[in-house]
Structures are given as structure tokens and as C-alpha cells.
Amino acid sequence: MTGTASAATCAAGWSPTAVYTGGTTASHGGRNWQAKWWTQGETPSTTGSGVWADQGSCTGGSGGGDGGTTGCDHPAW
């Protein structure tokens, strides 16, 4: 019998004002992301400059499971 796989705990939620260096992780959209090099203000995704590497889905933790988003990619005013 095999165990059920579970999602990792979310890293701290991504912030557009934070600076991320290579190896730093952040959660966004219910997934953990790892910066490949220095970045600031680029939303974690598989598009754009390619600075973010998807580390898989996550739940709970300081990222709250949704990476601190409001359900869209626009800032919460």
C-alpha cells in the first residue's frame, strides 16, 4: 500500500516590492516558486523573463495557500 502524496507547505507569500535572489522561494497562486537570479516586481509564473522556477503546489503555511493573492494578478488596493 502506498501513501497519499501531499502538497508542500507554502513559503512566505510573494510581494512585488520584495527583492528575491537566486534560490529564494515565495508562494503565489497556491504554488511555491524559486528565483533563479535577482528579481523584483516580476510575478512568479512560467512566462516573462524565466526568472521563476515552479516548485509545485503548496498549502497552508505563511503563504496561506494562495501566495497572498486576491484571486487575480493585480495589487490589492
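The values are calculated or read from the model by the stated rules, or taken from the named source; none is laboratory data. All figures in this text were calculated on a predicted structure; none of them were measured in a lab. We place every Cβ from the backbone using ideal geometry, glycine too, and count neighbours over all the protein chains shown.
Could you please let me know if Thr25 is at pLDDT 75 or above and either at positive phi or of a type outside the set (Gly, Ala, Ser) (or both)?
Details: at pLDDT 75 or above: yes; either at positive phi or of a type outside the set (Gly, Ala, Ser) (or both): yes.
Spelling it out, Thr25 is indeed at pLDDT 75 or above and either at positive phi or of a type outside the set (Gly, Ala, Ser) (or both).
Out of the residues in segment 18-46 that are outside any loop (DSSP other than H, G, I, E, B) and of a type in the set (A, V, I, L, M, F, W, C), which is farthest from Ser57 (Cα to Cα)?
Taking segment 18-46 and keeping what is outside any loop (DSSP other than H, G, I, E, B), we get 19-20, 25-28, 31-35, 39-40.
Right, trim to of a type in the set (A, V, I, L, M, F, W, C) and you get 19, 26, 33, 35.
On the way: Val19: 22, Ala26: 12, Trp33: 9, Ala35: 16 Å.
Per the stated criteria, the residue is Val19.
For Thr69, are the conditions met, namely being of a type outside the set (Gly, Ala, Ser), surrounded by 13 or more Cβ atoms within 10 Å (Cβ to Cβ), modelled with pLDDT under 70 and part of a loop (DSSP other than H, G, I, E, B)?
Values: of a type outside the set (Gly, Ala, Ser): yes; surrounded by 13 or more Cβ atoms within 10 Å (Cβ to Cβ): yes; modelled with pLDDT under 70: yes; part of a loop (DSSP other than H, G, I, E, B): yes.
Taking the combined requirement at face value, the residue satisfies it.
Filter segment 34-61 down to the residues that are closer than 12 Å to Thr9 by Cα and either among the hydrophobic types (A, V, I, L, M, F, W, C) or touching a Leu at 6+ places or on another chain (Cβ under 6 Å) (or both) and list them by number. First the steps, then the outcome.
The first filter runs over segment 34-61 and keeps only residues closer than 12 Å to Thr9 by Cα, leaving 55-61.
Hit for segment 34-61 is Cys58, nothing else.
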